[in-house]
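Read-outs throughout are calculated quantities, based only on the coordinates presented, and are distinct from any laboratory measurement. These figures come from a predicted structure and were not determined experimentally. Cβ placement follows ideal geometry from the backbone for every residue including glycine, while neighbour counts extend to all protein chains displayed.
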Amino acid sequence: MFKIDRRLIQNFDWVTFATVIVISLIGIMTVFSATRQPGQAAQSPLFIKQAMWLLVGLVGLIAFMSFDYIWLSRISIPVYITGLVFLLIVLIAGKTGMGAQRWISLGPIAFQPSEFFKLIFIIMLSQYLSLLRGGIGMLQLLRTFFIIAFIPFILLVKQPDLGTAIVVFIIFFSMLLAKGLQRKALVLIVILGLVSLPFLGNIMWTGLKDYQKNRLIAFVDPEADPSGIGYHINQSKIAVGSGEVLGKGFLKGTQGPFRFLPERHTDFIFAVFAEEWGFAGSVVLLMLYLLLIMRGLDTVRKAKDEFGMMLAAGITIMFSVYFFVNIGMTLGIMPVVGIPLPFMSYGGTALLSNFISAGVLINVRTRRFTLFY
Amino acid sequence: MSSENKSSNRILIMGYLLIAGFAIILIRLWQLQVLQGSAFRKISESNRLRVIGVPAPRGIIFDRNGIPLVKNVPYFCASVIPAEFTGGTLSSLGRLLNVPEEELESKMRKTQQSPFTPVRLREGLSLKEVSYIEARRSDFPGLMIEIEVSRGYLYGETSGHLVGYLGKMTPRQSQDPEFKGVPPNAFVGQWGVERLFDKTLRGTAGQRVIEVDALGREIRLLLEKPPVKGEDISLSIDIALQAAAEKAFQGRPGALVALKPDTGEILGYVSSPSFDPNKFAKGIGADEWEALSQDKNLPMLNRAIQSQYPPGSTFKIIMAIAGLEEGVISDSSKVDCRGGISFGKWHFGCWRKTGHHVISLHRALVESCDVYFYDVGRQLGIDRIYSYATKFGLGSKTGIPLGVEKKGLIPSTKWKMETKKTPWFLGETFVNSIGQGYVSTTPAQMAVMMSSVANGGKVYKPSILKGAKPELLIDAGVKPETIEKVKDALKGVVNEPGGTAGVAKSAVTTIGGKTGTAQVVGIRKESKFLSEKFRDHAWFVAFAPVEEPQVAMSVLVEHGGHGGTAAAPIAKKAIEAYMLPVEKKREQAYVQD
């Protein structure tokens, strides 16, 4: 299984590999700029930590592309159950951060199981869907939902990790769409969705925490609460906009280091980047993400079997959702949902999980030929 | 269509959706960065948030009758935000603030914080200076006036050692968890009650986050967390007594401690000469501090608990109680005083050279006959004297929390063997019997002793807060008749003909007490023109009213001469001030304010 084949090197997906590394390096650079402390001798060590996590991530990536991905289908059920158990542990004994429990401490290390759970969920769903033949009907859809998606969805909402819950939900339906829904089922979903929207919306709204409600209000009207969450959006827009065409220059941004911008090295890292590199730099960065995502779609097309196809689709969809929601929120065209920008935002668990996901993606593409062995 | 084609169709659709999404993002970026870019650039440049600490008003300190002893006053400081200081030059700023340019430069260079954190350039500005600076502020972007809360001490020197003063946190204090959450520039209690109850009085500082323009003008309030005022406290002090006592000292070095006999509450606490705490609250200058610490009268010395003096004849109260309790004397036993007695080759004189002739205990206390108490001492022996002195709180710390306290000394044979390695001599008993020799006490200890005699033999820990629960330290366990006999004699000291403290006789109340004259040098000199530093210390311990004591006190005047003439009048004034009706005291306080 760990045999190094010449064809393995030949077919290795260098494009995806290079893209995620370049984006991560830009990320480390931006973390440095965002967390620098002007006028102080001591500098924040966060960018060094992020660089170390990048090395860990690389190991993870290589590990997850070194064996045939078909193995993942064989261990999908036990891994999925383990993932659920971890989510449950977080709910019961997790550390609270930013008003939500997302962390588990293992000795000195704290990690967020929900970061890894997304990939586990994709593997499980890919395995399940790859066994189905033909388009998915209404009954099949409901069965899939209750078997695979319902429990984790409840656990994530309970944490509450609304961001991940939404992402998991979107991944679920997107993967079903990628698999192919029967027209009747599709139409039914749309109609049911439209009918129940006000009703569901009401339930959702009353179920939201205050800070979540504030985020939605702030999205609709940022001036309503300029010192609260609307303040984040305003400051983010100011940071991005003030970059103008060519940017203020590396380490010349003021919004981040002078703390006008909250979450400057995590969720709002794109704002720091856009302030310093302007429209020109932002377009280059966006093109890197576009390349990563388009390459992922191409992998979906080229995958040798159903499981590989679903796997590639799930991961590509996950990257896309994160990317669009994060950038959209930074630019003030989406509500603030606390989710990071893949490969850029500071955060070890997320970086490692993204690198592992990229490893699986590369794995599928590298072993795309049926007669590999 | 084959399923192969279907799936590649779906992938194609997803691709189009993604490209559409990218297009939306690009358009939005174009809108923000290119179309509105210059507007946002301007906002980011004028985007200045400022976090202003709002100091919490301190709790007010009241006396036992609700008379305030302090008030909160604003303390103005001039600061500058380095990042915004682009307008004027340092030399013109120096002229405005009346600070040398080099000092400004070093202050601005020394700062280790973000360039948006204000740097203090000058503190303790007067209102006139504030308005002068305010009027010229537009020429100096980044310059601002910050306000802290400081104190005005309404009674000035009267309350110096008692109430204490505020000062800036020392580097050591800023590391102390006790001061957690206190802003670095805030004033904290550094002396006296202000220090003792700092945590209670302090309150919690608030915060204002404001948005300001490039000139530092407030544009809008983003967040406000109001400060929480510190708790008020009521001291057990009676400021009328305190003020009268302080005044009566007329700046002579000495101390007065007055207690409420039935609870141990401190009614008055004077250490003279004092200092004006207002000087500290304004930020004391180096020269003023120099003057205070170099003053030969040591105004910073807390004499009431930190200076030890031989108790002199006031110690005869203990001797009388010990003698009666041990049965070595009775009120009928008499001694013939011929102006002194001889013991071996030594001669021990009575202060009255001509002698008191045949004298009983009552008159021996009233006239303070030394020979009588030499005889009591001879019969008791030093160790029984030690036992009674310590039962009334002498020889150990009283527990007054206003500074580092001295514990005085009550000698015994054991003590002498341990420290001097020689046995006790009977001659030393004679000397110690009249409160001379090794024996030494602080004014606070003598007040505790007087107070416990007045209340029938109970030693309470002196407390500084009004209504504090009395803490009984020792019950001397002496017979009520003994106490009554002694108190009656002490009444005679003030009120009978020939009493040594006749000057303290009051028309307002019956005062009882005992004078004491503590020798400074070994040989007693009979000259009235003795240079001041060789003159004896004057003591007077007193309580009133004799029938039902409400106040007990000790007064010491350093080098004051005779206790009856120097110390007794101070006690009389303090007691009479205390006896005034409360309404009258409040009226006086109002006039003073």
Using the structure shown, select from B:Lys229/B:Lys282; B:Lys247/B:Lys514; B:Lys391/B:Lys479; B:Lys487/B:Lys585; B:Lys247/B:Lys466; B:Lys397/B:Lys573 the pairs with a Cα to Cα distance greater than 18 angstrom.
-> B:Lys229/B:Lys282; B:Lys247/B:Lys514; B:Lys487/B:Lys585; B:Lys247/B:Lys466; B:Lys397/B:Lys573
For B:Lys420, which aspartates and glutamates qualify as cross-link partners when the Cα separation must be under 19 Å and same-chain residues fewer than eight apart are set aside?
-> B:Asp383, B:Glu428
Name the longest site-free stretch of chain B, where the excluded sites are GluC sites (Glu not before Pro) in a DSSP loop with no more than 12 other beta-carbon atoms within 10 Å.
-> B:1-525
Once the dipole of the range B:239-592 is set up from charges on Cβ (+1 Lys and Arg, -1 Asp and Glu), the residue from the list B:Asn297, B:Tyr269, B:Leu259 lying farthest towards its positive end is B:Asn297
Fewest-first sequence of A:Val56, A:Val360, B:Val478 by Cβ atoms within 10 Å of each Cβ | A:Val56, B:Val478, A:Val360
Quick one: if you stick a label point 7 Å off each Cα along the C-beta vector at B:Met108 and B:Val508, how many nm between them?
-> 6.0
Dividing the mean separation of Cα pairs under 8 Å (6+ apart) by the residue count of the range A:278-368 yields a relative contact order in percent of 30
Computed over the range B:239-592, the relative contact order (Cα-Cα under 8 Å, seq sep at least six) in percent reads 22
Rounding to the nearest 20 debye, state how big the charge dipole of the range B:239-592 is about its Cα centre with +1 on each Lys and Arg Cβ and -1 on each Asp and Glu Cβ.
-> 520
Counting Lys and Arg as +1 and Asp and Glu as -1, what is the net charge of the other residues whose Cβ lies under 11 Å from the Cβ of B:Ser92?
-> 0
Might you report the magnitude of the Cβ-based charge dipole of the protein assembly as shown about its Cα centre, with Lys and Arg at +1 and Asp and Glu at -1, to the nearest 20 debye?
-> 2100
Pairs of Cα atoms under 8 Å, at least six residues apart: use those to get the relative contact order of chain B, whole percent.
-> 14
Among the lysines, select those whose C-alpha is under 30 Å from the C-alpha of A:Lys237, and discard any that sit fewer than 8 residues away in the same chain.
-> A:Lys49, A:Lys118, A:Lys209, A:Lys213, A:Lys248, A:Lys252, B:Lys42, B:Lys225
Please name which of B:Trp539, B:Ala244, A:Phe279 has its Cα lying farthest along the dipole of the protein assembly as shown towards the positive end, using unit charges on Cβ (Lys, Arg +1; Asp, Glu -1) and the Cα centre as origin.
-> A:Phe279
Inverse of mean 1/r across different Cα pairs in the range B:140-277, Kirkwood, Å | 17.8
Putting +1 on Lys and Arg Cβ atoms and -1 on Asp and Glu Cβ atoms, find which of A:Gln50, A:Gly247, B:Ser7 reaches farthest to the positive end of the dipole of the protein assembly as shown.
-> B:Ser7
Taking neighbour Cβ counts within 10 Å as the exposure measure, how do A:Arg143, A:Arg133, B:Arg195 sort from fewest upward?
-> A:Arg133, A:Arg143, B:Arg195
TM-like helix rule applied to chain B (DSSP H, alpha carbon span at least 18 Å on the long axis, mean Kyte-Doolittle at least 0.0) gives B:3-29
What ranking of A:Lys49, B:Lys180, A:Lys248 emerges when the number of other C-beta atoms within 10 Å of each C-beta is taken as an exposure proxy, fewest first?
-> B:Lys180, A:Lys49, A:Lys248
Shape descriptor, the protein assembly as shown: equivalent ellipsoid semi-axes (Cα gyration tensor, sqrt 5λ, whole Å, largest first) stand at 88, 32, 24
Calculated from DSSP H runs of 4 or more alone, at -39500 (n - 2.57) each and per residue, what is the 222 nm mean residue ellipticity of chain B, nearest 500?
-> -10500 deg cm²/dmol
How large is the dipole of chain B about the Cα centre if only Lys and Arg carry +1 and Asp and Glu carry -1, each at its Cβ, rounded to the nearest 20 debye?
-> 640
